[in-house]
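See structure below.
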Ligand SMILES: CC(C)(COP(=O)(O)OP(=O)(O)OC[C@H]1O[C@@H](n2cnc3c(N)ncnc32)[C@H](O)[C@@H]1OP(=O)(O)O)[C@@H](O)C(=O)NCCC(=O)NCCS
């Protein structure tokens, strides 16, 4: 991710999530040495992104989204796979994330990439209130 892409990412956040990150919070990730955000670009436009933070070899995926018109073309899968490859270079050995219990498309994507459920956080999300499933994938470095 670079600074010029932040406004487009903030627009996609608003489109894809009921509790979107602000443009300012996304921009601050560029200054955070723990953060790694990857962006999928098509014809100069941001069509997807994944954001992560790594602490002591454990990475949290904070968001993943693909523009509605660009879905089901392999972009979400490619973003997560590219993130895992980049994290290996940073000596991370695991990736954890939360997903809404009702978000079947995302759960199918994560299952196909080898994530397993390791927990559940009751009423974690608001708008609407809903449990989060905690998923994790690990690898050897
Ligand atoms: C989840 C999301 C990122 C997937 O992005 P995508 O680019 O459409 O995903 P891909 O094309 O790489 O799909 C990979 C696999 O995920 C599964 N999948 C994706 N969308 C699906 C859907 N609507 N229904 C069922 N399975 C789906 C399928 O297994 C798919 O493989 P296939 O197309 O070979 O069947 C996208 O739907 C999105 O942005 N959703 C809104 C935001 C969101 O929920 N983010 C995740 C938060 S945890």
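The table below lists the values:
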{"item": "Some residue of the range 18-30 being more than 26 Å from residue 128 (Cβ to Cβ), modelled with pLDDT of 95 or more and part of a strand (DSSP E or B)", "result": "no"}
{"item": "Considering residues of the range 76-126 that are near the ligand (Cβ under 8 Å from one of its atoms) and part of a strand (DSSP E or B) only, the residue nearest to the chain's Cα centre (by Cα)", "result": "97"}
{"item": "Boolean, residue 53 is near the ligand (Cβ under 10 Å from one of its atoms) and either surrounded by fewer than 19 Cβ atoms within 10 Å (Cβ to Cβ) or at negative phi (or both)", "result": "no"}
{"item": "Residues that are away from the ligand (no atom under 14 Å from the Cβ), closer than 29 Å to residue 129 by Cβ and surrounded by fewer than 17 Cβ atoms within 10 Å (Cβ to Cβ), drawn from the range 56-70", "result": "58"}
{"item": "Single residue of 47, 41 found to be buried (at least 18 other Cβ atoms within 10 Å of the Cβ) and within 15 Å of the ligand (Cβ to nearest atom)", "result": "47"}
{"item": "The lone exception for residue 137 - which of (1) under 21 Å from residue 14 (Cα atoms); (2) assigned to a strand (DSSP E or B) it fails", "result": "(1)"}
{"item": "The range 13-38: number of residues that are surrounded by fewer than 12 Cβ atoms within 10 Å (Cβ to Cβ) and touching a residue at least 12 places away in the same chain (Cβ under 8 Å)", "result": "5"}
{"item": "Among (1) over 18 Å from residue 37 (Cα atoms); (2) within 8 Å of the ligand (Cβ to nearest atom); (3) in a helix (DSSP H, G or I) - the single one residue 73 does not satisfy", "result": "(3)"}
{"item": "Residue count for the range 54-66, restricted to those that are within 21 Å of residue 11 (Cβ to Cβ) and touching a helix residue (DSSP H, G or I) at 6+ places or on another chain (Cβ under 6 Å)", "result": "2"}
{"item": "Any hit, the range 5-12, residues being surrounded by fewer than 16 Cβ atoms within 10 Å (Cβ to Cβ) and at pLDDT 95 or above", "result": "yes"}
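The values are calculated or read from the model by the stated rules, or taken from the named source; none is laboratory data. On a predicted model such as this, the values are computed, not experimentally measured, just so you know. Ideal geometry is used to build each Cβ from the backbone, glycine not excepted, and the neighbour counts take in all protein chains shown.
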